[in-house]
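Accompanying notes for the structure given below.
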Amino acid sequence: MVPGPTGNPTGMTTALQRPRNGALIAGVCAGIAQRFGWNVGLVRLLFVVSCILPGPQFLIYVALWIVMPKQ
């Protein structure tokens, strides 16, 4: 397996951070995908689909935007 950007083979990072590159709006979905080694497109799709359901998804996104530091 090829090492990820952090040198580990899973591609996961240890910190939850918003990347400077690859962000569409605030980088929250890209940061989550990078942290867990997931596909960023899948995380974005799941977020958009979850917004159809009732709940505080948008408020959580805004809170993460404020709380998550930039890389």
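The values are calculated or read from the model by the stated rules, or taken from the named source; none is laboratory data. Computed from a prediction, not measured in an experiment: that's the story for all the values here. Virtual Cβ from ideal backbone geometry, glycine too; neighbours counted across all protein chains shown.
Observations
- Segment 25-36: number of residues that are among the aliphatic types (A, V, I, L, M) and within 15 Å of V62 (Cβ to Cβ): 4
- Residues that are out of contact with any helix residue (DSSP H, G or I) (no Cβ under 7 Å at 6 or more places or on another chain) and buried (at least 16 other Cβ atoms within 10 Å of the Cβ), drawn from segment 13-34: G27, G31, Q34
- For segment 30-65, a residue qualifies if it is touching a residue at least 12 places away in the same chain (Cβ under 8 Å) and within 9 Å of the chain's Cα centre (by Cα), and the qualifying residues are A30, G31, I32, Q34, R35, F36, V40, V43, R44.
- The condition (being closer than 17 Å to T14 by Cα, modelled with pLDDT under 95 and either loosely packed, with under 12 Cβ neighbours inside 10 Å or among the polar types (S, T, N, Q) (or both)) is satisfied by just one residue among P69, P56: P69.
- Some residue of segment 41-49 being modelled with pLDDT under 90, surrounded by 14 or more Cβ atoms within 10 Å (Cβ to Cβ) and not aliphatic (A, V, I, L, M): no
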